[in-house]
1. Give the peptides 35-47, 139-151 in descending order of average Cβ contacts within 10 Å, highest first.
2. What is the set of long-range amide H partners of Ser127 at a cut-off below 5 Å, with H atoms built 1.01 Å from backbone N?
3. Which whole-Hz couplings ³J(HN,Hα) result when phi for each residue of region 97-111 is put into the Karplus expression 6.51 cos²θ - 1.76 cosθ + 1.60, θ = phi - 60°, listed in order with x for Gly and Pro?
4. Binned at 5 Å from 0, what are the whole-percent values of the Cα-Cα distance distribution for the chain, short to long?
5. For a quick protection proxy, order the peptides 24-30, 73-79 by their average other-Cβ count within 10 Å, most packed first.
6. Tell me the relative contact order for the chain as a rounded percent, counting alpha carbon contacts under 8 Å between residues six or more apart.
7. Starting from the Cα of Asp102, step 7 Å along the direction of its Cβ; do the same at Met61; then give the gap between the two resulting points in nm.
8. With every protein chain left in place, what is the accessible area per residue of region 67-168 in square angstrom, probe 1.4 Å?
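The values are calculated or read from the model by the stated rules, or taken from the named source; none is laboratory data. Since we're looking at a predicted model, the values are computed, not measured. Cβ placement follows ideal geometry from the backbone for every residue including glycine, while neighbour counts extend to all protein chains displayed. All accessible areas refer to the heavy atoms of the entire protein, side chains included, with ligands and DNA or RNA removed. Shrake-Rupley method; radii C 1.70, N 1.55, O 1.52, S 1.80 Å.
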Amino acid sequence: MSEPRPASTLRKASGLTALDLVITLAIIALLLTTAAPALKDYALNQRMQSALARFHASLAMARSEAINRGGRVVVCPSAEIAACAESGDWQHGWMVFLDRNDDREYQPGEPLLTSEPGVGDLAIRGSRHRTRLRFFANGSAPGSNASITFCDARGAVAARQLTLSASGRIRLKTPKESDGAACEA
């Protein structure tokens, strides 16, 4: 028969005390309140970058197709695939087509090269004077430089802009303060 152990050799019960739980919850709450704004900015930045990349890719593809096909290619805002929109608002989507009759309008017989859906809560605004962006067979984009401004809930502070030059070059830039007014409209 074995003898009972003395009390000093028995294991003490271990577990989570109420104080441990309160301290852990306080640390979690502090981390969440600190990280939430940064996480929101990260998500907005990712959404902005995605929209910029999609639009840039559409412009680059339009220029490439104009050169490869030896014809004129138009990029226009479009909420539906059937027609170009008359406004300079691109957030509802856009389409790229080969403009065989050079009227800058899409007809069912013209090849639709691609179309992109809207981008949700981003505002994408272009010039009122250039609602159609077109590329010639030599890769140029005739007319004055076109600027397309991308805005989100943060306003002009976080706005980005794609600029299309007459030579067909596409540049990404942060708009000047005066250009950021497109975010306020």
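1. Result, highest mean Cβ count within 10 Å first: 139-151, 35-47.
2. Ser147
3. 9, 7, 8, 5, 9, 6, 9, 6, 10, 7, 10, x, x, 8, x
4. That works out to 1, 8, 13, 16, 14, 9, 6, 4, 3, 3, 3, 3, 3, 3, 2, 2, 2, 2, 1, 1, 0, 0, in percent per bin.
5. Ranking the peptides 24-30, 73-79 by packing returns 73-79, 24-30.
6. Once normalised by length, the contact order is 16 percent.
7. Here the modelled spin labels are 2.6 nm apart.
8. It amounts to 45 Å² per residue over region 67-168.
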